[in-house]
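Asks: The structure's right below; bear with me while I get my questions together.
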Amino acid sequence: MWGGRFAEKTAASVEAFTASIHFDCRLYRHDIAGSRAHAAMLARQGLISDQERDQIIAGLNEIEGEIERGEFIFRPELEDIHMNIEKALAQRIGPAGEKLHTARSRNDQVALDLRLYLREECRRLLGLLGGLRGAFVALARRYRHTVMPGYTHLQRAQPVLVAHHMLAYYEMFGRDKQRLHDCLKRINVLPLGAAALAGTGLPIDREFVARELDFPEVSANSMDTVADRDFVVEFVGAAALIQVHLSRLAEELVLWTSEEFSFVTLPDAFCTGSSIMPQKKNPDIPELVRGKSGRVIGHLMALLTLLKGLPMTYNRDLQEDKEPVFDTVDTVSASLALMAELLAGMRFNEERLAAGLGRGCMTATDLADYLVKKQIPFRQAHAIVGRAVAYALEQGRDIAELTLAELQGFAPAIDEDVFAVLSIEGSVNSRNSLGGTGGARVEEALARAEREI
Ligand code: ARG
């Protein structure tokens, strides 16, 4: 491609070291879509004839078909996807093919391919996030009356509805959707026309290309355009947070499936056994999802590090952005899809949840709030209940199991009505503050979620 200026052939070791075709071949559809729009613009501007444009487009379509059918031979000596396709086109249609690269550089071309690719992947991931959120909503609906222990510090804290817990994840992954939507705005900008770095003297029409490729915006500065990979970092940042959220969920599933918790049962098809211990049913999917968060976080660090020392504008270092992005897309999509399927088949063990609720004095805060309603300052109420809890625990009982006389020994203001407050249902249903776990609030949140998905 640049033989004119060189006296020697590129060394084989250099070809092998610099080639990116083994991974950027993934961009073939985007590269071809970009070239079709570019050729249409060149013809419109009189830079090539209509006949040449038609030859180019027909040739690109053929190449696309060949790649799709696995018939196309990628040549590492042609370095990357851009040159592989361009060379194949020229071999096929002759001189018209050699005009395709008019007013274009691989620097703006690769930026275009990557933006087209990420635009598509963002939309696909948004769909997968929608599926996952739907699975949480279905679980919330199914278990809308089921109570479970809520934790802080992984210690039993207060009873909550299973639905409330599920909808917590619904919210979390909702913010992930917003982040992808937001980063999509900055991905969705046409870079083509920046050429190598300075724009071109040829009479191109960037707005036309933007319309052809459905970009709402054209990039403003040609140098920034070929140097910019912020959009990649933002995407991988958003993806890393998705994977971290999935990892937190995974960690809960690993805990919940243990004998010690036994809160949930996962479908057999989503678990694996042990080659030596016949009784084992292991939560490998959540474990791998949790483990894979390391890769995605690593990719984010790799990309930030890649950019930190680069002078303007394009530098070959930028080729190193593709593998982290591709692996991020693969990892996050597979994790999202599998977790959604796994959740669809997951069942809570309601008896087990109910059995454990009577332990841990989880309604202690309710007793303190009860005393507050009897005009006792909260700090004093907290201390009184603390003493009652210590007394109950000493005897291996829950505060709800203390007698009225015993409770009155701690605070004479306590009446018979305290037992409604100390019950698990009473506790959950009292928490009707905005965003709380009270049945009425959760029903509203669930209805809103069902409308949204
Ligand atoms: N394979 C290159 C990349 O991924 C394409 C752009 C190469 N540009 C250049 N001037 N060498 O970044």
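The values are calculated or read from the model by the stated rules, or taken from the named source; none is laboratory data. Model, not experiment: these values are computed from the prediction. No Cβ is skipped: glycine too gets one built from the backbone with ideal geometry, and neighbour counts run over all protein chains shown. Surface areas here come from the heavy atoms of the whole protein model, side chains and all, with no ligands, DNA or RNA. Shrake-Rupley method; radii C 1.70, N 1.55, O 1.52, S 1.80 Å.
Asks: Could you list, in sequence order, the residues of the range 353-368 that are of a type outside the set (D, E, K, R) and closer than 21 Å to Thr257 by Cβ?
Replies: Leu353, Ala354, Ala355, Gly356, Leu357, Gly360
Asks: Give the number of residues within the range 153-165 that are under 17 Å from Ser427 (Cα atoms) and either at pLDDT below 95 or surrounded by fewer than 20 Cβ atoms within 10 Å (Cβ to Cβ) (or both).
Replies: Residues flagged as under 17 Å from Ser427 (Cα atoms) and either at pLDDT below 95 or surrounded by fewer than 20 Cβ atoms within 10 Å (Cβ to Cβ) (or both) within the range 153-165 amount to 3.
Asks: Another one. Return yes when Lys280 is away from the ligand (no atom under 16 Å from the Cβ), touching a residue at least 40 places away in the same chain (Cβ under 8 Å) and open to solvent by 40 Å² or more (accessible area, probe 1.4 Å) and no when it is not.
Replies: On the way: away from the ligand (no atom under 16 Å from the Cβ): yes; touching a residue at least 40 places away in the same chain (Cβ under 8 Å): no; open to solvent by 40 Å² or more (accessible area, probe 1.4 Å): yes.
No: the conditions fail for Lys280.
Asks: Whether any residue in the range 44-57 is in contact (Cβ under 8 Å) with a residue 60 or more places away in the chain, in contact with a helix residue (DSSP H, G or I) (Cβ under 9 Å, 6 or more places away or on another chain), within 16 Å of the ligand (Cβ to nearest atom) and not charged (D, E, K, R) is what I want to check.
Replies: The answer is no; no qualifying residue exists.
Asks: Something else about it: Of all residues being outside any helix (DSSP H, G or I) and without any contact (Cβ under 8 Å) to a residue 60 or more places away in the chain in the range 283-314, which is nearest to the ligand (Cβ to nearest atom)? Just the residue, please.
Replies: Among residues in the range 283-314 that are outside any helix (DSSP H, G or I) and without any contact (Cβ under 8 Å) to a residue 60 or more places away in the chain, the one nearest to the ligand (Cβ to nearest atom) is Pro311.
Asks: Run down Ala420, Ala445 and say which single residue is modelled with pLDDT under 95, surrounded by 14 or more Cβ atoms within 10 Å (Cβ to Cβ) and out of contact with any Cys (no Cβ under 9 Å at 6 or more places or on another chain). Break it down into steps so the answer makes sense when it comes.
Replies: Values: Ala445 fails: modelled with pLDDT under 95.
The conditions single out Ala420.
Asks: Here's another thing I want to ask about it. Among the residues of the range 105-139, which ones are touching a Gly at 6+ places or on another chain (Cβ under 8 Å), within 16 Å of the ligand (Cβ to nearest atom) and either open to solvent by 10 Å² or more (accessible area, probe 1.4 Å) or outside any helix (DSSP H, G or I) (or both)?
Replies: Listed by number, the list holds a single entry, Leu116.
Asks: Report whether or not Leu353 is open to solvent by 40 Å² or more (accessible area, probe 1.4 Å), touching a helix residue (DSSP H, G or I) at 6+ places or on another chain (Cβ under 9 Å) and among the hydrophobic types (A, V, I, L, M, F, W, C).
Replies: no
Asks: Next question, about the same structure. Within the range 73-80, is even one residue buried (at least 21 other Cβ atoms within 10 Å of the Cβ), within 11 Å of the ligand (Cβ to nearest atom), outside any loop (DSSP other than H, G, I, E, B) and not aliphatic (A, V, I, L, M)? Outline the logic, then answer.
Replies: Pass one, the range 73-80, residues buried (at least 21 other Cβ atoms within 10 Å of the Cβ): 80.
Applying the additional criterion that residues be within 11 Å of the ligand (Cβ to nearest atom) yields 80.
Then keep just the ones that are outside any loop (DSSP other than H, G, I, E, B); that gives none.
No: the range 73-80 contains no residue that is buried (at least 21 other Cβ atoms within 10 Å of the Cβ), within 11 Å of the ligand (Cβ to nearest atom), outside any loop (DSSP other than H, G, I, E, B) and not aliphatic (A, V, I, L, M).
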